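As structure tokens, the structure follows; a few thoughts come after it.
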Amino acid sequence: MGKLLGGLTLLAVALFMVVGFLRADVNPAALSTMVALLIGAGLPAVGRGWLLARHFGVGRRIGRRREELRRDTLEAEILKMAERHGGRITAVEVAGELAVPATTAEELVNELMRRELAEIEITDSGLLVHAFHDLQHLSEKETARGLLDP
């Protein structure tokens, strides 16, 4: 609420200064008049814009979108990596190749499993392997046919 009130107050100050400038008997083309208008009305208007943007969460939305884009990019890289590895990867491989913490790598592959893009397999020694069925059978796409074709 404070940011909204501050932004509205700065808007009022900027408008007050512009009205005063328009009513004043000064040369509007003079450099000193322009500087005074910029300081008196321009700076409060900029401050108002910043405070209102912060009040309405513009910075948070941008940060949230940036994080979504980062995760989408990492997931795309994981899919490319899985394709290079024959459709099977481990979280340790993801962490190593993408230079992310192991916990982040686990979260990313778990998210892909949650969306049913991967399944978990386990080796005899207990190693968890993430298998991407579609990527394992990607070579078969050339033999694809219509669903109703014999």
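FYI, it's all coordinate maths here, none of it is from the lab. Quick caveat: nothing in here was measured; it's all calculated off a predicted structure. With ideal geometry, Cβ positions are generated from the backbone for all residues, glycine too; neighbour counts draw on all protein chains shown.
Here are a few things to note about the model shown:
- Within segment 46-150, all pairs of alpha-carbon atoms sorted by distance into 10 Å bins from zero give the percentages 13, 33, 22, 16, 10, 5, 1.
- Highest GNM mean-square fluctuation among 117, 79, 15, for the chain modelled with Cα contacts below 10 Å: 15.
- Sorted ascending by nearby beta carbons within 10 Å, beginning with the fewest, 56, 21, 132 become 56, 21, 132.
- Folded to 0 to 90 degrees: helix 102-114 orientation relative to the chain principal axis, Cα: 70 degrees
- Estimated from helical segments only, the mean residue ellipticity of the chain at 222 nm is -20000 deg cm²/dmol, where each DSSP H run of four or more residues counts as -39500 (n - 2.57).
- Taking 33, 90, 104 as the candidate residues, the one with maximal mean-square fluctuation in a Gaussian network model of the chain, Cα springs under 10 Å, is 33.
- Rounded FRET efficiency, nearest 0.05, which uses the C-beta distance separating residue 54 from residue 34 and R0 of 35 Å: 0.75
- Dipole moment magnitude, nearest 20 debye, segment 60-150 about Cα centre, only Lys, Arg, Asp, Glu C-beta charged: 640 debye
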